[in-house]
Amino acid sequence: MGKVEVNALRGINLTMEKGEFVSIMGPSGCGKSTLMHIVGCLDRPTAGHVHLDEVDIDELDDNSLAEIRNKKVGFVFQTFNLLPKLNAIENVELPLIYAGVGFDVRRKKAQELLEIVGLKDRMFHKPSELSGGQSQRVAIARSLANDPSIILADEPTGNLDSKSGDEIIHLFMDLNTKGITLIIVTHDEEIANHSKRIVRLKDGLVVADSAVTQMTEAQRHNGNHPA
């Protein structure tokens, strides 16, 4: 910022294992989204190294990084990022188009994914005809199109009411039981307590990294959180 150097992240050292469900928490400006972008190969760190599936992504060129993003990482954003002129099934097909998948195969895959997220009857509706929760389900289906090993979700329930947000988190939990690694940025303690591990950031540093104590559904709905 002009002559002032701002460290978004400072000396972070993290390992996230395959199949984990991790929430990243912290105040605004602490580096959560920057960390997410680096893990997802959207940004490169100015120092240090990032290894994804034992590959040092700092050694890759832009084309190789784009290939990794398309094949290994699925993204879910707070604002859904659906194309308004395309219907639900066409939005889900987009990553498959970029991957060069033919129409028949990608249409079948998109249909299957929309059924998985509970939108069998809304496949041909455009985003303007869907609720916020339904739009986020389309975004999740799209993130799964190329069978990624990691899903990165940045405030995925931030624009949703509590009921829709709860449905989305339970959908993520179901995906995690199938072996997909989930990393979620959230401000919501209740959302984070559905994950298995919480990493807390402050001023670009990791200030806490701990497993989540398992709670019953009754405890979650009553708003009781583990210490």
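The values are calculated or read from the model by the stated rules, or taken from the named source; none is laboratory data. Note that the structure is a prediction, hence the values are computed from the model and not measured. Ideal geometry is used to build each Cβ from the backbone, glycine not excepted, and the neighbour counts take in all protein chains shown.
Against the list (1) surrounded by 16 or more Cβ atoms within 10 Å (Cβ to Cβ); (2) in a helix (DSSP H, G or I); (3) in contact with a Pro (Cβ under 9 Å, 6 or more places away or on another chain), the condition residue 58 fails is (1). None of 34, 15, 46 is closer than 28 Å to residue 174 by Cα and outside any helix (DSSP H, G or I) except 15. Screening the stretch 79-95 for residues that are in a loop (DSSP other than H, G, I, E, B) and hydrophobic (A, V, I, L, M, F, W, C) and picking the one that is farthest from residue 105 (Cα to Cα) gives 80.
If the condition is being over 19 Å from residue 106 (Cβ atoms) and not in a helix (DSSP H, G or I), then the stretch 118-150 contributes 118, 130, 131, 149, 150. In a residue-by-residue description of the stretch 94-108, the property of being of a type in the set (Phe, Trp, Tyr) and under 30 Å from residue 209 (Cβ atoms) applies to no position. Quick check on this structure: which one of 38, 68, 24, 89 is under 20 Å from the mean Cα position of the chain (by Cα), surrounded by 13 or more Cβ atoms within 10 Å (Cβ to Cβ), at pLDDT below 90 and not hydroxyl-bearing (Ser, Thr, Tyr)? Every option except 68 fails the conditions.
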